[in-house]
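This report refers to the structure that appears directly beneath it.
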Amino acid sequence: MRPTLARYIPFVVLVGLVVAAQTALSALKLEFYLTQLTMAAYYTLVALGLCLLMGYAGQVSLGHAGFFAIGGYTSAVLTTVNLAATGAAAGAGAAAGGVAGAAGAGALIGLLSRLGILVTGTDAYGGQTLTVLPWAAFAAALLVTAVVAVLVGIPVLRLRGHYLAMATLAFGVIVARVAVGTRIFGEADGISDVPAFRLFAGLAISGKKALRVQNYYIAWAMVAAGFLLLINLIGSRAGRALRAIHGNEAAASAMGVDVPRHKLAAFLLSALYAAVGGACLVHFNGGIGPGEASVMKSVRYVALVAVGGMGSAGGTLAVSTLLTFLSLRGAFGQLDDAVFGAILVAIMLFAPDGVFAPVGGWILRLLRGRRGARGAAR
Amino acid sequence: MNEASRTLLAVSGLHHWFGGLHVIDGVEFSCRQGIVKAIIGPNGAGKTTLLNLIAGSLRPRTGSIAFDGHPIAGIPPHQVAARGISRTFQATRLFPRMSVLENVMVGSHVRGRQGFFAGLIGPAATGREERRIRRDCMAVLDELGIADLAARDAVSLPFGRQRVVEFARALASQPRLLLLDEPACGLNPKETEEIGGLIADIRARGITVLIVEHDMSLVMGISDEVVVLSYGRKIAEGTPSEVQANHEVVSVYLGASDA
Amino acid sequence: MGADQLLQYLLSGVTTGSIYAIVGIGFNIVYSATGIINFAQGEFLMLGGMIAISLAPVLPLPLAIAAAVLATGLVGVLVQLVFISWLKNPAVLRMIVITIGLSILIREASLHVWDEKVRALPFFSGDETSSIAVLGARISPQILWILGISAVLVAGLTLFLRYTLLGRAMRACASNTTAARLCGIRTSSLVTFSFFLAAAMGALAGCAVSPMTQTQYDMGTSLAVKGFTCAVLGGLGSSTAAVAAGLLVGVLEAASISILPLAYKDVVSLGILLAILFFRPEGLFARRAAGVPGRAG
């Protein structure tokens, strides 16, 4: 019983810290920090997903910002594109397939409207607007991400080492180029005026100052949930299979583990984590830009996972929150990218198992109360 | 048919080559249930390749391999494992960053069912199966006398102990056929003797063992039957004493002495 | 598409393609010697251009370029000695991440030394308005310089590897490091030299393209990806094949402008990379199957 319960300690610690931080900041009238902490939470979701993929399953991904962007842009586009503009819908339909296309587009809109996922509103000029309900857009974002992750993952995960790294890098760059080069995605300016995401019981993901505390808890509740799911997974049969794959693919296969399937599942799950982060942040920020898909962003996520310790979800969570928060506050100023680059190099050179490895191993031994395990794994 | 003399594994017309090298040249043999059968031969004879072909990590160019009557040639390793064939590796391939118990629990992967979804939900969905697997794996460790090492980091153990852990991991799936790839490799005589005892225990439990091995004392001491390979061909098959007396076998090992 | 336009695309493609090929060769040189893919390879082109541009006002152009090539070569040596040489048997993932981090550091350092302005070397002969008639099209003489320099680099490298003692030692080291060491070859020095060579070649290529494509602090990443595409397309480790691959990629990319919007130009080379990785990671010209990077020894 003991090992099973002990692994939830980091989760409890997380919840405690989240509540403590908010209480302290509100008391000290420093609530504006909550904004960056909320943003850091959504970015940390990406890092958590990547930790599962890189740290536990051992598959490098240099393009994970791509999934964040796919989630974010899908949600942003669907909640801002005005389907009522007769020009837009009919024109798109007509361009696609003539008169039948235009009629088809109209029918599609009618169907969506009947499904109740469209939202009416008025734009700045008093014209009618028709956009997709944020809930539906969110679901669509996850669906699109899942489809892309599976289509990309199946061929990519057959690769190893440099080839896998480059393939994921290429994927990320393709997403970035498409984001910056396509009109519907706002090209270099991205998409703005993304509406709030009304959840339930009066809660909404939105950047409004009045809802700051609420959004902080929404974001961190998601991170906590994501963390909890991860803890569960790692301690389960599937989690062990992933770690076995990371350790030795041939041996894992010989033990009955369907390696390609497990890798794909880990890839898909980590992509979904990133997409959730993107799809939510886009409503909090009210917009998204092509920079979110950049190589630099992908490298940052890798740096966060590496520093936190490849195989440590808790470490990744801590490091990601801290560094992302500092970066968002501008603590690194002009040297932001350089700092992440330097951190990456330093960690990989001197502490490839992450900063917490020596400390963590010591704490773990304390928790287990055993003196037997001499030296951490290499 | 007598349960004990039922054919469990049947290899026939097996051919495999790497590039221009014909490593397995028409090998044919069968293995009855419940025995220990050894595959021996000089270096380069193709013994490990043969094992890899049976275990599924290689797909034979031609030929057939039947396990309990069902063809298994060319099916991927994880499906071979699901059918009840388990294996160890010549150089131990324990999983790093995992404890001994966790290594063995991966060994029993085929005896579990919960996947990603259940895994995410956690103990509510997986608790019962997890407890059963953990209990069964601890029992395996116990039987092999290494229960006290359960929480140890597997790859940090001394070599001889790692070998035993590999055994435990292979046994955790409750296989019907166990493939051992040079289990005595790198062990001293005393450790080799222990391995021999271990193999005898395994046989006593009704598990069939196919062992590739160089160490003659182990082979002759523990095997019921022996197959001798040379340059990818089977040159002899029979009981240990029959094979020992076979002239061709002797010459292949010691070098033909032309009059 | 008229013959004129076709020729234009061809020439443009061959020009950029030859640069991609040089980057690919740089990857190959380091990979052959060490098994490492040096993600920072693209940065050497940027550094060469930038350093030459800084020196151009005070030195005659050929000297400025020579100095830039030397300096960049030394940067390559520095990178290898400080960050890579003392690692014992590092995991592939670790090396990938380190070289990516290094490319970022080099890029950011450049940003701070030279800022983000786009710069260019003066044209090697004439200026931006001069043109020469070739096969009925009018092209800038710089194109001939680029093609010429690339050809000399490739030919020089091939001759070097085949006929000089040092070159042969490098090939031995690439083919089987242990055996090479047993023959008395100082493999560690060769590794350092291969970094120097890859960096210097990249720097020269970077100078050659600077008048036409301009030099900017962040041009390295895109070049690295395209160069890697060429290296893989030709089969990792084979420099001559990288040339053919480079020309192919360059021409395809140039031709794609007639079909795809300009913003998607990079997607072409990326698509080629993914296609090669998925279907034939050993490259178009290799005979053995690959899948996992590795060399003997």
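All of the numbers you see were taken from the coordinates with simple rules; none came from a lab. Every value quoted in this text rests on a predicted model; they were computed, and no experiment measured them. Note that each Cβ is placed from the backbone with ideal geometry, even for glycine, and that neighbours are counted across all protein chains shown.
Kindly rank B:33-40, B:112-119 from highest to lowest mean number of other beta carbons found within 10 Å of each residue. If you can, show how the numbers build up before the last one.
Details: B:33-40: 22.0, B:112-119: 17.8.
So the peptides B:33-40, B:112-119, ranked by packing, come out B:33-40, B:112-119.
Connecting C-alpha atoms closer than 10 Å in a GNM of chain C, tell me which of C:PHE278, C:PHE83, C:PHE44 has the biggest fluctuation.
C:PHE278
Any idea what angle helix C:187-213 forms with the longest principal axis of chain C, computed on alpha-carbon atoms, 0 to 90 degrees, nearest 10?
The helix C:187-213 is inclined about 10 degrees to chain C.
If you take the Cα Rg of the range C:3-279 and divide it by 2.2 N^0.38 Å, with N the number of residues, what do you get? Intermediate results must be reported in sequence, preceding the final value.
On the way: Rg = 18.4 Å, N = 277, 2.2 N^0.38 = 18.6 Å.
Compactness ratio reported: 0.99.
Give the angle, between 0 and 90 degrees and rounded to the nearest 10, that separates the Cα long axis of helix C:141-163 from the longest principal axis of the Cα atoms of chain C.
Helix C:141-163 and the main axis of chain C meet at about 20 degrees.
Add +1 for every Lys or Arg and -1 for every Asp or Glu among the other residues with Cβ under 15 Å from the Cβ of C:LEU274, and state the total. Intermediate values should be presented prior to the final figure.
Numbers: positive: A:ARG158, A:ARG177, C:LYS226, C:ARG280; negative: C:GLU253, C:ASP266.
My count for the surroundings of C:LEU274 gives +2.
Step through the residues of the range A:237-250 one at a time and calculate ³J(HN,Hα) from phi using the Karplus curve (6.51 cos²θ - 1.76 cosθ + 1.60, θ = phi - 60°), rounding each to whole Hz and writing x for Gly and Pro.
After applying 6.51 cos²θ - 1.76 cosθ + 1.60, I find 4, 5, x, 5, 4, 4, 5, 5, 4, 4, x, 6, 4, 5 Hz.
Please report, to two decimal places, log10 I(q)/I(0) for the range B:111-184 at q = 0.15, 0.24 Å⁻¹ as given by the Debye formula with identical point scatterers on the Cα atoms and no solvent.
Evaluating at q = 0.15, 0.24 Å⁻¹ gives log10 I(q)/I(0) of -0.63, -1.10.
Which order do the peptides B:11-24, C:195-208 come out in when sorted by mean C-beta neighbours inside 10 angstrom, highest first?
So the peptides B:11-24, C:195-208, ranked by packing, come out C:195-208, B:11-24.
Near B:GLU28, within a Cβ-to-Cβ distance under 12 Å, what is the net charge of the other residues, with Lys and Arg +1 and Asp and Glu -1?
Working: positive: B:ARG233, B:LYS234; negative: B:ASP25, B:GLU237.
After counting each charged neighbour, the total is 0.
Rounded to a whole number, what is D in µm²/s for the range A:169-208 from Stokes-Einstein with the Kirkwood radius over alpha-carbon pairs (25 °C, 0.890 mPa s)? Write out the running numbers ahead of the final one.
Values: Rh = 12.3 Å.
This corresponds to a translational diffusion coefficient of 200 µm²/s.
Tell me, what is the percent relative contact order of the range C:1-132, built from C-alpha pairs under 8 Å that lie six or more residues apart?
Details: 63 pairs, mean separation 39.4, N = 132.
Relative contact order here is 30 percent.
Report D for chain A in µm² per second (integer): Stokes-Einstein, Kirkwood Rh on Cα pairs, 25 °C, 0.890 mPa s.
Details: Rh = 22.0 Å.
In µm²/s, the coefficient rounds to 111.
Which of C:LYS226, C:LYS117 comes first, and how do the rest follow, when ranked by fewest Cβ neighbours within 10 Å? Mind showing how you got there, number by number?
Numbers: C:LYS226 28, C:LYS117 9.
In increasing order of surrounding Cβ atoms, one gets C:LYS117, C:LYS226.
Using DSSP to call loops (not H, G, I, E or B), can you name the trypsin sites (Lys or Arg not before Pro) in the range A:200-299 whose Cβ has at most 13 other Cβ atoms within 10 angstrom? Let's see the in-between values first.
Working: sites: A:LYS208, A:LYS209, A:ARG212, A:ARG237, A:ARG240, A:ARG243, A:ARG261, A:LYS263, A:LYS297; in loops: A:LYS208.
Answer by residue number: A:LYS208.
Which order results if B:LYS190, B:LYS47 are arranged by neighbouring Cβ count within 10 Å, fewest first? Before the final figure, lay out the partial values.
Numbers: B:LYS190 9, B:LYS47 26.
So the residues, fewest neighbours to most, are B:LYS190, B:LYS47.
For the protein assembly as shown, count the residues as N, evaluate 2.2 N^0.38 Å, and divide the Cα radius of gyration by that value, please. Mind showing how you got there, number by number?
On the way: Rg = 31.3 Å, N = 934, 2.2 N^0.38 = 29.6 Å.
Dividing the Cα Rg of the protein assembly as shown by 2.2 N^0.38 Å gives 1.06.
Provide a whole-number value for the mean count of partner chain Cβ atoms within 10 Å of the Cβ atoms in peptide B:146-158.
For this peptide, the per-residue mean of nearby foreign Cβ atoms is 3.
Just how far, in whole angstrom, is the range B:124-182 from the range A:13-27 if you go by their alpha carbon centroids?
43
Within the set of other residues whose C-beta is less than 12 Å from the C-beta of A:ILE218, count the net charge using Lys and Arg as +1 and Asp and Glu as -1.
Numbers: positive: A:ARG198, A:ARG212; negative: none.
Local charge sum for A:ILE218: +2.
What list of ³J(HN,Hα) values in whole Hz, one per residue of the range A:179-196 in order, does the Karplus curve 6.51 cos²θ - 1.76 cosθ + 1.60 (θ = phi - 60°) give from phi, with Gly and Pro shown as x?
Using θ = phi - 60°, the values come out as 4, 7, x, 10, 5, 5, 9, x, 6, 5, 7, x, 10, 10, 6, 6, x, 6 Hz.
Whole number please: convex hull volume per residue of the Cα set in the range B:105-252, in Å³? Provide the component values of the computation, followed by the final result.
Details: hull volume 21.0 nm³, N = 148.
With only Cα atoms used, the range B:105-252 gives 142 Å³ per residue.
Using the Cα centre of the range B:96-174 as the reference point, and only Cβ charges (+1 on K/R, -1 on D/E), how large is the resulting charge dipole? Debye, rounded to the nearest 20.
160
Check chain A and count each lysine pair with an alpha-carbon distance under 27 angstrom, considering only pairs eight or more places apart or from different chains.
Numbers: A:LYS29/A:LYS208; A:LYS29/A:LYS209; A:LYS208/A:LYS297; A:LYS209/A:LYS297; A:LYS263/A:LYS297.
Here the count comes out as 5.
Using the reciprocal of the averaged 1/r over all distinct C-alpha pairs, how large is the Kirkwood radius of chain B in Å?
Numbers: mean 1/r = 0.0519 Å⁻¹.
By the Kirkwood definition, the hydrodynamic radius is 19.3 Å.
Using a Gaussian network model of chain C whose springs link C-alpha atoms within less than 10 Å, name the residue from C:VAL23, C:VAL243, C:VAL75 with the highest mean-square fluctuation.
Evaluated over chain C, the most mobile residue of the options is C:VAL75.
Going by average Cβ neighbours within 10 Å, how do the peptides A:322-333, C:143-154 rank, with the highest at the top?
By packing density, highest mean first, the sequence is C:143-154, A:322-333.
Report, for the protein assembly as shown, the % of DSSP beta bridges that are antiparallel, rounded to 5.
On the way: 35 of 51 bridges.
Looking only at bridges with both residues in the protein assembly as shown, the antiparallel portion is about 70 percent.
Using a 10 Å cut-off on Cβ to Cβ distances, tally the other chain neighbours for every residue of A:340-347 and report the average as a whole number. Kindly include the intermediate steps, with their values, before the conclusion.
Details: counts 4, 10, 5, 1, 7, 9, 2, 4.
The mean count of partner-chain Cβ atoms within 10 Å per residue comes to 5.
What's the angle, to the nearest 10 degrees (0 to 90), between helix A:336-350's Cα axis and the longest principal axis of chain A?
Compared with the principal axis, the helix lies near 30 degrees.
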